[in-house]
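Visitor: Structure provided below as structure tokens; questions to follow.
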Amino acid sequence: MSPISVLLVDDNPIFLRIAADFLRAHEEVAVVGTASGGEEAVARAQHLRPQVVLLDLLHPDLPGLEVIPRLRSELSEVVADRTAMGQVVGNLLNNAVTYLEPGRPGEIEVSGERAGNGATFHVRDNGRGIAERDRDKVFTPFRRAGKEDVPGEGMGLAYVQALIRRHGGRMWFESEPGQGSTFHFTVEAREASPE
């Protein structure tokens with residue numbers, strides 16, 4: 001099976017590098033390019049014709065792209081470990097891309113909104129989905145849900161959940177086999193440390 005071609009778009013060069021490095025470590029994904037903004041992203045998408053375009057949360061209106069984030073409201077400012085959050089989002093996006101259904105155009109939506117004392121984020125895909133019998137395996141270390149036709153050790157989501165808990169948040173998911181999954185996580189607002 002040939003790897004899924006991905007174009008990454010983010011105006012934050014650090015996150016762009018983290019996400020690109022994370023995805024390049026997986027042979028089922030081929031990062032065909034990166035872009036830092038809307039016009040550049042549209043031009044690269046038209047030229048490179050990736051199967052999936054992954055965008056950050058700060059570009060809600062990029063015309064001409066199918067996979068775009070939707071912000072339901074202004075996000076509250078959240079102080080968090082940037083590297084940890086890059087790993088969380090990178091892992092969720094990697095899983096969303098990895099488990100897309102062959103032969104069906106992929107859809108990945110990243111969204112978020114204020115929630116209580118912080119923010120709630122969502123990563124939705126239209127991939128394989130997770131069967132009811134496999135739900136308890138999703139966040140369990142060294143356990144994998146569904147068909148094991150993708151390389152991995154079953155640590156990704158367990159690690160991501162631990163990172164979210166370290167930030168005072170929680171993580172859960174909804175899934176329908178054959179329709180896709182939505183992973184949700186919260187991050188509590190914290191005061192910025194004085195510099």
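Visitor: Identify all residues within the range 1-24 that are surrounded by fewer than 18 Cβ atoms within 10 Å (Cβ to Cβ) and under 18 Å from residue 100 (Cα atoms); write none if there are none.
Guide: Hits for the range 1-24 are 1, 2, 3, 5, 24.
Visitor: Which of the following residues is modelled with pLDDT under 90, part of a loop (DSSP other than H, G, I, E, B) and surrounded by fewer than 16 Cβ atoms within 10 Å (Cβ to Cβ): 143, 128?
Guide: 143
Visitor: Right, something else. Since residue 18 meets every condition but one in (1) more than 13 Å from the chain's Cα centre (by Cα); (2) part of a helix (DSSP H, G or I); (3) at pLDDT below 75, which condition does it not meet?
Guide: That leaves (1) as the condition not met.
Visitor: Does residue 158 meet the test of being at pLDDT 75 or above and of a type in the set (A, V, I, L, M)?
Guide: Criteria met by residue 158.
Visitor: Same structure, new question: Which is out of contact with any Cys (no Cβ under 8 Å at 6 or more places or on another chain), β-branched (Val, Ile, Thr) and more than 24 Å from residue 51 (Cα to Cα), of 98, 120? Give the steps one after another, and end with the answer.
Guide: Details: 98 fails: more than 24 Å from residue 51 (Cα to Cα).
Result of the check over 98, 120: 120.
Visitor: Looking at 39, 27, which is the one that is at pLDDT below 80, surrounded by fewer than 17 Cβ atoms within 10 Å (Cβ to Cβ) and closer than 29 Å to residue 81 by Cβ?
Guide: Numbers: 39 fails: closer than 29 Å to residue 81 by Cβ.
Going through 39, 27 in turn, just one is at pLDDT below 80, surrounded by fewer than 17 Cβ atoms within 10 Å (Cβ to Cβ) and closer than 29 Å to residue 81 by Cβ: 27.
Visitor: Can you tell which of 97, 79, 89, 110 is at pLDDT 75 or above, outside any helix (DSSP H, G or I) and of a type in the set (A, V, I, L, M)?
Guide: Going through 97, 79, 89, 110 in turn, just one is at pLDDT 75 or above, outside any helix (DSSP H, G or I) and of a type in the set (A, V, I, L, M): 110.
The values are calculated or read from the model by the stated rules, or taken from the named source; none is laboratory data. What you see is a predicted model; the values in this text were computed from it and never measured. Note: ideal-geometry Cβ built from the backbone for every residue, glycine included; neighbour counts use all protein chains shown.
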